[in-house]
Amino acid sequence: MALLLKGGRVVDAAAGIDAVLDVVVRDGVIVGVGEDLTIEKGQTIECAEKVLLPGLADIHVHLREPGQEYKETIATGTRAAAHGGFTAVACMPNTKPIADSGSHVRFIVDRAAATAAVRVYPIGAITAGQAGEQLAEIGDMVAEGAVAFSDDGRGIASAGMARVAMDYIKRFGMAYVAHCEDVPLAAGGVVNEGVVSTRMGLPGQPAAAEEVMVAREIALAELTGCRLHLAHLSTAGSVVLVRDAKARGVSVTCEVTPHHLFLDEDAITTYDPNLKMNPPLRTAADREALVAGLLDGTIDAIATDHAPHAPHEKELEFELAPFGTTGLETALSLVNTHLIATGTLGWAEVSNLMCHGPRAALGLPEMRLEAGYPADITIVDPEARVEVTPEWFVSRSRNSAFTGQSLLGKASDVLVGGQWALRNGKVVGQ
Ligand SMILES: [Zn+2]
């Protein structure tokens, strides 16, 4: 069965393409990209005014299964991913129980094979139970399909433990994904430490709580030669540290979230718990430094840190509510609204930041809009209007920091291995 995607703007920085072209897919594989292509029989999809990107990957999501299926499951989270234009996600191990063994990783791989709408790549825990005291079963997890390792959600307090972990993970050629937070220095802060925390009477965590750990992890990556990926960077100082490390040739990559790119602490005027995240929303100057990091290549990836929570958990006082916002369904629209439509970035850069960069950071299979690659394709309608209402979400949870916003542009269709995961804006098989 052949599929002809006709007359869309095909953009792929790795393939060096930005032109109005046709794409032919057969048996799940791209077999042709060019002008005036035809197929003998099959389906033709008109793509005029659409942008075709290589399948977007979100390398930082919390799917909550096993253990917290009332927040999200592999089935619902991957349908939310398809709704947002992603063809792949990498899921963090802080489920219940924590994914710290081969059998836990096998469970996720098997559940994904049975229920997922997009590709799922499990990230295993670095330490047993993410307790920071002894290494998890890294080798067993690699054998069962883990693609990287992280104690995301808390990080590793001991530098000695982190060094042992990097020495070990390096042997498998995989990435150590760092959640950079010095917990005693963060001191239970629920917002950024500064003018806003003082004005609102909320405990703050200083930028330094992130930056000291970024500096430590970079030093340890230099010491061990392990591949280091820094999750959800949020401060101007972190960007400087990574920029300097890259200039020295350290094997480091990093990601930022849409909420840190497009919101700052001044948004927290209403004590809305959906604006409580870790790391917290920072200052306008931090936000600007993150955007500058996107532009100069310091930042490799946009990743959402999709963190679903149930209403009974989030609808609490700000200090008591859990950290996190959902992100899978709004990321691409936010990028289009704030970066593409404003002329800050082009689609080629977005193909790097949402496809090639994140995939390279974790060593995931490369996707390109070229003959011979799997047909993982994100089709964007850049003119579509999105009203972000609670009902609009496909995720099981509604705790979005962007509810109420009106955004521009959205994925209209998503192909995963030649199969529709999203068609005409509707998630397939929902
Ligand atoms: Zn984290």
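The values are calculated or read from the model by the stated rules, or taken from the named source; none is laboratory data. Owing to the predicted nature of the structure, the values given are computational and were not obtained by experimental measurement. We place every Cβ from the backbone using ideal geometry, glycine too, and count neighbours over all the protein chains shown. With ligands, DNA and RNA removed, areas are computed over all heavy atoms of the protein, side chains included. Shrake-Rupley method; radii C 1.70, N 1.55, O 1.52, S 1.80 Å.
Things worth noting here:
- Selection within segment 26-79 - surrounded by fewer than 24 Cβ atoms within 10 Å (Cβ to Cβ), in contact (Cβ under 8 Å) with a residue 24 or more places away in the chain and small (Gly, Ala, Ser): Gly28, Gly32, Gly42, Ala48, Gly67, Ala75
- Filter pass, Glu255 being modelled with pLDDT of 95 or more and either of a type in the set (S, T, N, Q) or in a helix (DSSP H, G or I) (or both): no
- Residues that are open to solvent by 30 Å² or more (accessible area, probe 1.4 Å) and out of contact with any Asp or Glu (no Cβ under 7 Å at 6 or more places or on another chain) were ranked within segment 125-144; the one that is farthest from the ligand (Cβ to nearest atom) is Ala143.
- Filtered residues of segment 133-150 (kept if under 25 Å from Thr304 (Cβ atoms) and part of a loop (DSSP other than H, G, I, E, B)): Ala136, Gly145, Ala146, Val147
- The single residue among Ser238, Ser234 that is in a helix (DSSP H, G or I), of a type in the set (Gly, Ala, Ser) and within 16 Å of the ligand (Cβ to nearest atom) turns out to be Ser238.
- Lone qualifier among Gly173, Gly153 - being part of a loop (DSSP other than H, G, I, E, B), within 16 Å of the ligand (Cβ to nearest atom), touching a residue at least 40 places away in the same chain (Cβ under 8 Å) and surrounded by fewer than 21 Cβ atoms within 10 Å (Cβ to Cβ): Gly153
- Condition broken by Met161, with the remaining ones in (1) more than 13 Å from the ligand (Cβ to nearest atom); (2) open to solvent by 40 Å² or more (accessible area, probe 1.4 Å) satisfied: (2)
- Qualifying residue in segment 262-285 (condition: under 28 Å from Thr344 (Cβ atoms), open to solvent by 20 Å² or more (accessible area, probe 1.4 Å) and within 16 Å of the ligand (Cβ to nearest atom)): yes
- Within segment 31-69, the set of residues being outside any loop (DSSP other than H, G, I, E, B), within 16 Å of the ligand (Cβ to nearest atom) and not hydrophobic (A, V, I, L, M, F, W, C) comprises Asp58, His60.
- The set of residues in segment 99-132 that are part of a loop (DSSP other than H, G, I, E, B), farther than 16 Å from Val177 by Cα and aliphatic (A, V, I, L, M) comprises Ala116, Ala117, Val118.
- Residue list for segment 381-430, filter: more than 17 Å from Arg119 (Cα to Cα) and aromatic (Phe, Trp, Tyr): Trp392, Phe393, Phe402
- Of all residue pairs spaced 6 or more apart or on separate chains, those with beta-carbon atoms under 6 Å, a first member in segment 298-311 that is in the same structural domain as Ser234 (by TED's automatic domain parsing) and closer than 15 Å to Met277 by Cβ and a second member that is open to solvent by less than 10 Å² (accessible area, probe 1.4 Å) and part of a strand (DSSP E or B) are Ala303/Asp58; Ala303/Ile59; Ala303/His60; Ala303/Glu255; Thr304/Asp58; Asp305/His60; His306/Val61.
- Checked against (1) under 30 Å from Ser395 (Cα atoms); (2) in contact with a strand residue (DSSP E or B) (Cβ under 7 Å, 6 or more places away or on another chain); (3) not in a helix (DSSP H, G or I), Glu181 meets all criteria but (2).
- Number of positions in segment 333-359 that are under 26 Å from Gly34 (Cα atoms) and not in a loop (DSSP other than H, G, I, E, B): 14
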